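Working notes, beginning with the structure itself.
Every number in this text was worked out from the coordinates using simple rules, so none of it is lab data. From a predicted model like this one, the values you see are computed outputs, not experimental measurements. Methodologically, a virtual Cβ is constructed for each residue, glycine included, from the backbone with ideal geometry; neighbour enumeration extends over all protein chains shown.
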Amino acid sequence: MFLDIIGYVFGIGFVVFGISALVLWLYEIYKIISKSKKKVSYKNTIYFAAAAVVCGLTLIILANVI
């Protein structure tokens, strides 16, 4: 029961952080293509992608435990 709830939490985290990283990455690409004067920084994208990877790896480990 507890592992199921943790699995749902990490599953939702994987989806949310993954979509957020993708959206931020596409926004940075848009800034490059549109030749905007804004500075391009991938720092937030890397943080969200790392959180998605951590959630994904935890889900894989939980799937092997259950």
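Label reach from V65 (point 7 Å along Cα→C-beta): in region 1-41, amide nitrogens under 15 Å belong to 1-11. Rounded to whole numbers, the Karplus 3J(HN,Hα) couplings from phi for region 34-42 are 7, 6, 5, 7, 5, 6, 8, 9, 9 Hz, using 6.51 cos²θ - 1.76 cosθ + 1.60 with θ = phi - 60°, and x at Gly and Pro.
When the trypsin sites (Lys or Arg not before Pro) in the chain are filtered for DSSP coil states and for at most 15 other beta-carbon atoms within 10 Å of their beta-carbon, the remaining sites are K35, K37, K38, K39. In a simple Cβ point-charge model (Lys, Arg +1; Asp, Glu -1; nothing else charged), the chain has a dipole of about 660 debye relative to its Cα centre. The value given for region 2-65 is a Kirkwood hydrodynamic radius of 12.8 Å, derived from the mean inverse Cα-Cα separation.
Remind me, relative contact order of region 2-65 in percent, using alpha carbon pairs under 8 angstrom and six or more residues apart?
Computed over region 2-65, the figure is 50 percent.
Working note: Karplus 6.51/-1.76/1.60 with θ = phi - 60° gives region 15-23 the couplings 5, 5, 5, x, 5, 4, 5, 5, 5 Hz, where Gly and Pro are set to x.
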